[in-house]
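The values are calculated or read from the model by the stated rules, or taken from the named source; none is laboratory data. A quick note: this is a predicted structure, and the numbers were derived from the prediction, not measured. With ideal geometry, Cβ positions are generated from the backbone for all residues, glycine too; neighbour counts draw on all protein chains shown.
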Amino acid sequence: MNSTGQLMRNRAKAIRLIAIANELLAVARELEIGEKPSLPACFLAESEHEVHKGRAATQDHPVWVELARQTYDDRRRRAKIFASEDLFGEPAWDILLDLFIAAKERRRVSVTSACIGSAVPSTTALRWIAILEKNEFLAREADPGDARRVYVKLSARGYSAMLDYFASASRSIVLLDDAPAQAVAAR
C-alpha cells in the first residue's frame, strides 16, 4: 500500500516536472520570437507569486495539461482500437481539449488545425467551432502576418470552464500532490 502511494506521488511529481518543462519551452519560444516572456509561477518572487495565485492560478494546476493530453490521446486510441471514428464522436470536446493544451503550451492553433484535431470532417468541425464561439467558449483572431489564416483560442470563459472540469476530474491526484506540502506545514 505504501509503495503504491509512493508510486502515485512520484508520478504526480513527474507530471509537474513535465509541465514546468513545457512552460520553460514556452518562455524560450517567446524569447526567441521577441515577445516579453511570462515566467512560470515557480520562478516568480514570493510577492509576484501571491499576485498570480489571486487570479485564475488559484484554480490552475500543472497536472491538468497532462490530464488533457491523456484524455485527448485516450479518445484517439479508443477510436483506433474499435476501428471506428463514428462510434465515439464528440468534436466540441476534442476542440476544447486541443485548445486547452495549446493554451497551456502557449502556442497558437489555426482553424484548420482545430478541424484536424477534432477528428471529424471540416464542415462538422467548423460548425462546432461556430457553436463554441457563439457560446463564448472560444474566440477567433486573425493572423496579422497572413490574412488567409485565422486562429482560434479558448476565451476566458472557455479556459475557466476547462480549469473547473480538470479541477473536479483530478481532485485525488492534485490532493495527493499537495499532501507533502500540507504535511510539512502541519509540522
Number of positions in region 139-159 that are crowded, with 16+ Cβ neighbours inside 10 Å and within 14 Å of the chain's Cα centre (by Cα): 5
Cβ pairs under 9 Å, 6+ apart, first in region 75-86 and closer than 12 Å to Ser118 by Cα, second of a type in the set (D, E, K, R) and not in a helix (DSSP H, G or I): Arg75/Glu90
Some residue of region 106-120 being basic (Lys, Arg), touching a helix residue (DSSP H, G or I) at 6+ places or on another chain (Cβ under 6 Å), crowded, with 17+ Cβ neighbours inside 10 Å and touching a residue at least 12 places away in the same chain (Cβ under 8 Å): no
Residue match in region 139-158 (condition: at pLDDT 90 or above, in a helix (DSSP H, G or I), out of contact with any His (no Cβ under 7 Å at 6 or more places or on another chain) and farther than 30 Å from Lys13 by Cα): no
Candidates Ile131, Ile101, Ile116, Ile173 - the one that is at pLDDT 90 or above and closer than 17 Å to Gln70 by Cα: Ile101
Close pairs (8 angstrom Cβ cut-off, 6 or more residues apart or separate chains): closer than 14 Å to Tyr159 by Cβ in region 131-145, acidic (Asp, Glu) anywhere: Ala139/Glu133
